[in-house]
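Notes follow once the structure below has been shown.
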Amino acid sequence: MTPRAQIGLIARFLGRSRGHFAFAGVGLVVGSATLAFFLALSLGIRERVLNRLYPVNQAELVVETVRLFGLGIEVPSRLDEASLAALRTLPGVTGAYPKQRSRFQAVLWGGREVIGRDARVEAFFDGLDPALIREELRASEIEVMGPEHPGTACAVDGDCGSGGRCDAGACLRRTWWDGFRDPGGRLACRADSGCPPDFACRGGRCVVPCGEGCGGPSAAGVACVQGECLRTCATDASCDPGEACQGAGADRACRRLSCRLDDPRDAESDDAERLRGRVVPPPGAAAGSLPDRCPAGTYCATDTVLLATGACEAPIPVLLSPFLLEIYNRVAATALDLRRLSGLEVLVGVPFAMKYGESYFVEDDSWERRAIRRCRVVGFSQKAMDFGVTMPLGAAQRANAMLRGRDAASEFTSVVVTTARNEDLPRMISDAQVLGLVPAPRSEEARKAANMLLILTLVFALVSLVILGISAINITHTFLMLVTERRVEIAVYRAVGARLLDIRLLVLGEAAALGVLGGMVGVAVAWTLGRLVNMVAASLLGRVPGAPADLFLFTPWVVLAGMACAVLFALVGAWVPAGRAARTDPATVLSQG
Amino acid sequence: MIRVEHLVKTYPGQAAEAEDGRLPSALRDVSLSVARGEFLAVVGRSGSGKTTLLNVVGGLDRAWTGRVEVAGQDLARLPDRDLSLLRNRTLGFVFQAFHLLPHLTILENVTLPAWFGTSDRDRGEAEGRAREALERVGLGNRASDRPTRLSAGERQRVAVARALLNRPAILLCDEPTGNLDASTGAAVLDIFLELNRRDGTTLVIATHEPRVSEAAGRRIVLEAGRMVEG
Ligand SMILES: Nc1ncnc2c1ncn2[C@@H]1O[C@H](COP(=O)(O)OP(=O)(O)O)[C@@H](O)[C@H]1O
Ligand SMILES: [Mg+2]
């Protein structure tokens, strides 16, 4: 019997015992549905919740609090550039991205645009390396604000809404994720110890001294100009906001514009025009070569709250934690009678101000240590501080240096280490222990959560295998009955030329077909159940920031696993009946009237 | 075409019950040979071993001793695969109880042997041969009916058509007219006679009807598993 004849015969006869098969197949459907459902749920939670909260090939390390006394191991008490350099040399490590928390108190105000009136709260912030989350920010922005190319045709930029650009006839909406980088700023100082690491105090401000040239990773387009590393330029366009392309010949470089406010108290103002102050040209600058006021999009950031002088700076881009919005909506909006926020997108672009050195909780810093800086929300990240704001590392280091000096600015709170593969993590973690670094509680949580999920998945996989096992027994019974019922048919097949193997394969083939059908229905049921669960979850949870719309991940492997298990157990169940069918004695059966 | 030597067939339990006066064996030392194109009638009373003999010769029963050769092949040595092929290509069976499959149409019943052949192409061409075989037994117009709608005589003719599908050299018929009345039985017998005369098909028909055995070219008589005549 040829394989095609085999399949043809099975296909023709499958419908004949529909009733029996429907009964026998229920177990397969339930079993494979259970398996596919929980596999997809587990994958979905791992991929869409766990990995987002705790990416798999990353771990956050902090300085070990318990010292290893008397073991002859020197444990560093600090996490600084040297520890980062050591981490980066460990095998499997692809990057080490430091975080630095604010070392002083601050208050924050703003938000009138979205919540109806200004909120004033104690502010905490930290800084993190923008390189760590660029892609993640972009992905979450697309999720919240839609694709970057909304698919509308355009002729000019004006066709694409505010901030949008017309790119080759198609609109490119305004993007924010790319704005999360240190916009730069000037830091006044008295000594080197008042500047961030790698900076030196020259002429009352922190500069990058030339030393052995202006090397380093971001060296392209940077030159040593009058003892200071500055970006070279042709026009203002190649400079950061707040800078201008100044000087002539070899001295031409991006220099930050100095400015002055009419009154130091204007720094607290919300009047954007007043905040731009007046540009103070450096001595010897050609009249009319510099703008009158800080350029659009920047403001005059004064050195302290006591002074009217400062430099033009762009607002610091900050990230918020999605949990913050949830807490706000759940607690603050109700308690304080403020407007609830519909979603993350309304907060993007919102400006606010921070006053470094002031606090509602503890004693304020001295007046000359307080300063006001402007900020702007550019996105959301699970890596952002839950109660506070997260800014680019450089901005945080500048602030810590300003209020607490170089030591504070060079010590990191934690470091996120990425490895090439997930499997490299445990080794990296044990290697890092020698450096005195241990996983942050959050990273430990991640591992526990991942293990928990694994155990739950295994338990439910086992449950579904038990269901499939029971259905296999069911199939054995059904098929034994069918084989007995079809004794004559089988005997006739034998008489007209069927081999023992043909008979066996026919029975197994029917079982396999039943398995495929059961598996397909099962996976479809699982998928449908998944949609239902998603709907129920959506209505129960409301719009929890960061909660995935789809908790399930039906990969081809999940579908395959559901189907394969159904087929496998159908075959196991049909094994004995197939043998019984092959042993049908045609002589006896056919001789009976 | 068929050669049987010292064939002994004992059903399980038979030997043990031999002392109670029952038969010790269903076939006891049977030897015979059938030439190509011969029409042999196997006669004997009920229980004499006719069916058993046909089952052995047809390769449906493999538990026996002795030597059986069919179309030049030693059945005892054939593996299941080759024996099945022999049943498919060389042998045709007609049973007293017809054994048509009720869930198939007449045409599908007749085409059945082609499903178990060794080539897909042959199966594609089988329908034509099936219609031909149905014409031959006079049922060309009933191809799409179900067997349940046919009379007993018609059913047996369909069974004959099924046996003829692969144009077997040997036709083994176990009381083919046993369930038919005289006139329909005669019609079936006519078909057999024509097959034997025109196509040279070797016919072995087990029967206890004189009408059939008289039509045969030769007859052997079984009695309690022994050949007493032939
Ligand atoms: N499957 C069987 N198991 C045991 N004994 C059987 C079986 N089939 C037939 N017999 C016995 O073998 C003998 C021959 O039977 P059978 O070949 O059917 O005779 P016939 O076809 O001539 O009526 C009888 O005694 C019968 O009882
Ligand atoms: Mg009989």
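Below are the figures for this structure:
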quantity	calculated
Complete set of residues in region A:471-491 that are of a type in the set (A, V, I, L, M, F, W, C) and either within 14 Å of another protein chain (Cβ to nearest Cβ) or in contact with a strand residue (DSSP E or B) (Cβ under 7 Å, 6 or more places away or on another chain) (or both)	A:L482, A:V488, A:I490, A:A491
Every residue from region A:373-386 that is surrounded by fewer than 22 Cβ atoms within 10 Å (Cβ to Cβ) and in a strand (DSSP E or B)	A:R374, A:C375, A:R376
Among residues of region A:328-364, those that are of a type in the set (S, T, N, Q) and modelled with pLDDT of 80 or more, counted	1
Lone qualifier among A:R274, A:R293 - being out of contact with any Lys or Arg (no Cβ under 9 Å at 6 or more places or on another chain) and closer than 29 Å to A:R369 by Cβ	A:R274
Hits in region A:256-273 - residues which are of a type outside the set (A, V, I, L, M, F, W, C) and open to solvent by less than 60 Å² (accessible area, probe 1.4 Å)	A:R256, A:S258, A:D263, A:P264, A:D266, A:S269
Any hit, region B:90-103, residues being facing chain A (nearest Cβ under 10 Å) and more than 19 Å from the chain's Cα centre (by Cα)	yes
Any chance A:S366 is among the hydroxyl-bearing types (S, T, Y) and under 24 Å from A:A440 (Cβ atoms)	no
Flag if A:E445 is surrounded by fewer than 16 Cβ atoms within 10 Å (Cβ to Cβ), under 30 Å from B:F93 (Cβ atoms) and out of contact with any Gly (no Cβ under 6 Å at 6 or more places or on another chain)	no
Unique match (being open to solvent by 40 Å² or more (accessible area, probe 1.4 Å) and either touching an Asp or Glu at 6+ places or on another chain (Cβ under 6 Å) or facing chain A (nearest Cβ under 10 Å) (or both)) among B:E135, B:E108	B:E108
Test: residue in region A:158-181 that is within 30 Å of A:F361 (Cβ to Cβ), at pLDDT 80 or above and open to solvent by less than 50 Å² (accessible area, probe 1.4 Å)	yes
Hits in region A:148-157 (condition: free of Cβ contacts under 8 Å to residues at least 24 places away in the same chain and part of a loop (DSSP other than H, G, I, E, B))	A:P150, A:G151, A:T152, A:C154, A:A155, A:V156
Any hit, region B:194-204, residues being within 16 Å of ligand 1 (Cβ to nearest atom) and within 18 Å of B:I2 (Cβ to Cβ)	yes
Any hit, region B:50-61, residues being among the acidic types (D, E), away from every other protein chain (no Cβ under 14 Å) and out of contact with any Ser or Thr (no Cβ under 6 Å at 6 or more places or on another chain)	no
Among (1) within 14 Å of chain A (Cβ to nearest Cβ); (2) open to solvent by less than 60 Å² (accessible area, probe 1.4 Å); (3) more than 16 Å from ligand 2 (Cβ to nearest atom); (4) not aromatic (F, W, Y), the one test that B:T118 misses	(2)
Exclusive hit being in contact with a Lys or Arg (Cβ under 7 Å, 6 or more places away or on another chain), at pLDDT 90 or above and more than 30 Å from A:C189 (Cβ to Cβ), set A:V463, A:V459, A:V483	A:V483
Filtered residues of region A:304-341 (kept if under 21 Å from the mean Cα position of the chain (by Cα) and in a loop (DSSP other than H, G, I, E, B))	A:S321
Condition met for A:A153 (farther than 27 Å from A:K383 by Cα, modelled with pLDDT of 80 or more, of a type in the set (A, V, I, L, M, F, W, C) and exposed (fewer than 14 other Cβ atoms within 10 Å of the Cβ))	yes
Per-region count, region A:1-47, residues within 14 Å of chain B (Cβ to nearest Cβ) and β-branched (V, I, T)	3
Residue that is modelled with the lowest pLDDT, among those in region B:183-216 that are open to solvent by less than 70 Å² (accessible area, probe 1.4 Å) and farther than 21 Å from B:A133 by Cβ	B:E209
All positions within region A:413-442 that are among the polar types (S, T, N, Q), open to solvent by 20 Å² or more (accessible area, probe 1.4 Å) and either assigned to a helix (DSSP H, G or I) or under 14 Å from A:L87 (Cα atoms) (or both)	A:S430, A:Q433
Residue in region B:157-167 that is more than 16 Å from ligand 1 (Cβ to nearest atom) and open to solvent by 30 Å² or more (accessible area, probe 1.4 Å) present	yes
Single residue of region B:89-134 satisfying the filter (among the hydrophobic types (A, V, I, L, M, F, W, C), more than 16 Å from ligand 1 (Cβ to nearest atom) and in contact (Cβ under 8 Å) with a residue 60 or more places away in the chain) that is farthest from B:V57 (Cα to Cα)	B:L100
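The values are calculated or read from the model by the stated rules, or taken from the named source; none is laboratory data. Nothing here was measured: the structure is a model prediction, and the numbers come from that model. So basically every Cβ, Gly included, is an ideal-geometry build from the backbone, and we count neighbours across all protein chains shown. Calculation scope for accessible area: heavy atoms of the full protein, side chains included, ligands and nucleic acids excluded. Shrake-Rupley method; radii C 1.70, N 1.55, O 1.52, S 1.80 Å.
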